[in-house]
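One structure below.
The values are calculated or read from the model by the stated rules, or taken from the named source; none is laboratory data. As the structure is a prediction and not an experimental result, all values here were calculated from the model. Here the Cβ positions follow ideal geometry from the backbone for every residue, glycine too, while neighbour counts run over all protein chains shown. For the accessible areas, the whole protein counts, side chains as well, though only heavy atoms, and no ligand, DNA or RNA atoms are used. Shrake-Rupley method; radii C 1.70, N 1.55, O 1.52, S 1.80 Å.
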Amino acid sequence: MAVRLNRKAFDHAKELTAEGKVVLDERDDWSEHQPSAAQENEFLAQHGWREYAKWYLGIDDEARDETKEHYKFPYGDFESVHRCGVLAAESRAGQRKYIDIENAAAHLHGMLEEMRAHTASPRSSASR
């Protein structure tokens, strides 16, 4: 399997994160938060493959284009980046030795943790 980083998806995830379109959920929430097959099909019908591809950090070059099998390592719900999805992608990519995807997910993870730290602690100016 020739799986590589989907650079457009990585850029999309960074943009969404910078815009605050994130869900700072817990690691084990992904099984409940990831889109169902029906939600994937609905998104595809409304937005097409180009938009669908932006939600997957990996591309499998051995799978045919415009098939769900072509896209790997989802990180969100077609609206927001989910921390649990990023963590799942980072872990699975590491297990499978997809270093470029693992590094991209780790970068997103860092961005999310920074946001999480800022939302968990009061701002210094607010406490004065």
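Note on segment 29-128: enclosed helices (runs of 4 or more DSSP H) holding 2 or more residues that are under 14 Å from HIS12 (Cβ atoms) are 37-53, 83-95, 99-120.
Among the conditions (1) within 22 Å of GLU19 (Cα to Cα); (2) crowded, with 22+ Cβ neighbours inside 10 Å, TYR71 misses just one, which is (1). Taking the criterion of being of a type in the set (A, V, I, L, M, F, W, C) and without any contact (Cβ under 8 Å) to a residue 40 or more places away in the chain, the residues of segment 83-120 that qualify are ALA89, ALA93, ILE99, ALA106, ALA117, ALA120. When we screen ARG96, ARG83 for residues that are farther than 27 Å from ALA117 by Cα and among the basic types (Lys, Arg), the only hit is ARG96. For GLU51, the test of being open to solvent by 60 Å² or more (accessible area, probe 1.4 Å), of a type outside the set (S, T, N, Q) and touching a residue at least 12 places away in the same chain (Cβ under 8 Å) is failed. Within segment 1-43, if we keep just the residues that are in contact (Cβ under 8 Å) with a residue 60 or more places away in the chain and basic (Lys, Arg), the residue that is surrounded by the fewest Cβ atoms within 10 Å (Cβ to Cβ) turns out to be ARG27.
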